[in-house]
Amino acid sequence: MRRFITPFLVSIILIFSQSFAQTDNKSGGSDKKARVMILGTFHFAYPNLDMVKTEDKDKIDVLAEERQIEIESIINQLKEFQPTKIVIEVKTWNQNKTDSLYTEYQNGNFVLPKGEDYQIGFRLAKLLEHKKLYCVDTWGNLSTFLNSADGKNFSVRDDKAKFMNDLETYMDSVKKLSNASDKKEKSIKELSINKILIEMNQPENYKKQHEFYFKEIFKFEKEAFDYGGADWVTASWYNRNLRIFRNIMRITENSDDRILVIYGGGHLALLSQFVNDSPSHTLVPALDYLKE
């Protein structure tokens, strides 16, 4: 049996290898890929849904005249990338609503709120005469921990109630430590939005931010080897970002696409990794275009 299996497996591998080679030859061997620029931002409207909260005194009023001038500068810089599609951090099931709002904005009937999806996304899309923006946000597969009939609304599974309660208590304590540490840092309110985005999109900065998941939540366990924290981070964060990138792949039509992704800075590390790992996409650093 062993003598039969080994040659058989080798032949299967060779068949697949030849198939891929033929596919490459049919495509002309081109290595051209769709370009993706990920602009990591802070949330202009401060929904305070992330781990670290921003106090009112430290919030930037993006509607203030001087901030609007800064945003206009950023839009003109991003325009140089010549994006063919603009992606925003809005749930996929809100695509129709976003389409309607964008149409109203184009017609001069919608005053833009504070969110970066509006202040950067809508304004740049209109400037470039795009017909729409693309909503790609979603939740991860949380079925191990939560019940959901529609993938949008969730309730805790009975068998996970204690775990989720313990995790919430643990995360609350982590938030307090994070907020206390964050207060020691210089307020970004003193910086221009251009400077803030340049700092956020520095690889060493967003990689350092990503380390947080491995310092705290990832290590949460009630008992040794129950992997509770690792499983939660996998479902709620890694799987979510993989799904987001899958949605970016869905809207990619060909290798000529130049896709601008406007997303919260916390997503930068994973989304950048996924774009780099993709055989059909290549990453264009936002820093190539952002200037102070």
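Counting only residues that are part of a helix (DSSP H, G or I), of a type in the set (D, E, K, R) and over 21 Å from the mean Cα position of the chain (by Cα), how many does the stretch 121-168 have?
Filtering the stretch 121-168 down to residues part of a helix (DSSP H, G or I) leaves 121-127, 158-168.
Subset that is of a type in the set (D, E, K, R): 123, 126, 158-160, 162, 166, 168.
Checking the rest, the ones that are also over 21 Å from the mean Cα position of the chain (by Cα) come to 126, 158-160, 162, 166, 168.
Count: 7.
Do you know which residues across the stretch 199-212 are surrounded by 14 or more Cβ atoms within 10 Å (Cβ to Cβ) and either basic (Lys, Arg) or in contact with a Gly (Cβ under 9 Å, 6 or more places away or on another chain) (or both)?
Listed by number, the residues that qualify are MET200, ASN201, ASN205, TYR206, GLN209, HIS210, PHE212.
Name every residue in the stretch 50-64 that is of a type in the set (D, E, K, R), surrounded by 14 or more Cβ atoms within 10 Å (Cβ to Cβ), at pLDDT 85 or above and part of a loop (DSSP other than H, G, I, E, B), in order of residue number.
Passing the criteria: only LYS59.
Could you list, in sequence order, the residues of the stretch 251-278 that are within 22 Å of LYS132 (Cβ to Cβ), aliphatic (A, V, I, L, M) and buried (at least 21 other Cβ atoms within 10 Å of the Cβ)?
The answer is ILE259, LEU260, VAL261, ILE262, LEU271, VAL275.
Could you count how many residues in the stretch 73-95 are more than 18 Å from the chain's Cα centre (by Cα) and touching a residue at least 12 places away in the same chain (Cβ under 8 Å)?
Step one: list which residues in the stretch 73-95 are more than 18 Å from the chain's Cα centre (by Cα), which gives 73-77, 79-82, 84.
Retained after the next criterion (residues that are touching a residue at least 12 places away in the same chain (Cβ under 8 Å)): 73-75, 77, 79-82, 84.
Adding up the residues that qualify gives 9.
Identify, please: which residue in the stretch 107-123 is in contact with a helix residue (DSSP H, G or I) (Cβ under 6 Å, 6 or more places away or on another chain) and surrounded by fewer than 22 Cβ atoms within 10 Å (Cβ to Cβ) and is, among those, farthest from ILE60 (Cα to Cα)?
Among those residues, the one meeting the criterion is PHE110.
Restricting the search to the stretch 178-219, which residues are modelled with pLDDT under 95 and assigned to a loop (DSSP other than H, G, I, E, B)?
LYS184, GLU185, LYS186, SER187, GLU211, GLU216, listed by residue number.
Taking the conditions exactly as written (within 18 Å of TYR118 (Cβ to Cβ), of a type in the set (D, E, K, R) and surrounded by 15 or more Cβ atoms within 10 Å (Cβ to Cβ)), does ARG35 satisfy them or not?
no
Give me the pairs: first residue in the stretch 268-292 and among the polar types (S, T, N, Q), second residue in a loop (DSSP other than H, G, I, E, B), beta-carbon distance under 8 Å, and six or more apart or on different chains, which are they?
Filtered contacts from the stretch 268-292: SER278/LYS33; SER280/LYS33; SER280/THR252; SER280/SER255; THR282/LYS33.
Could you please give the count of residues in the stretch 123-162 that are closer than 18 Å to LYS97 by Cβ, free of Cβ contacts under 8 Å to residues at least 60 places away in the same chain and polar (S, T, N, Q)?
Total meeting the criteria: 1.
State the number of residues belonging to the stretch 213-247 that are of a type outside the set (S, T, N, Q), in contact (Cβ under 8 Å) with a residue 24 or more places away in the chain and out of contact with any helix residue (DSSP H, G or I) (no Cβ under 8 Å at 6 or more places or on another chain).
Selection size over the stretch 213-247: 4.
Might you check whether a residue that is out of contact with any strand residue (DSSP E or B) (no Cβ under 7 Å at 6 or more places or on another chain), modelled with pLDDT of 95 or more and basic (Lys, Arg) occurs anywhere in the stretch 140-152?
The answer is no; no qualifying residue exists.
The values are calculated or read from the model by the stated rules, or taken from the named source; none is laboratory data. What you see is a predicted model, and the numbers here were worked out from it, not measured in a lab. Neighbour counts are summed over all protein chains in view; Cβ atoms, including those assigned to glycine, are modelled from backbone coordinates with ideal geometry.
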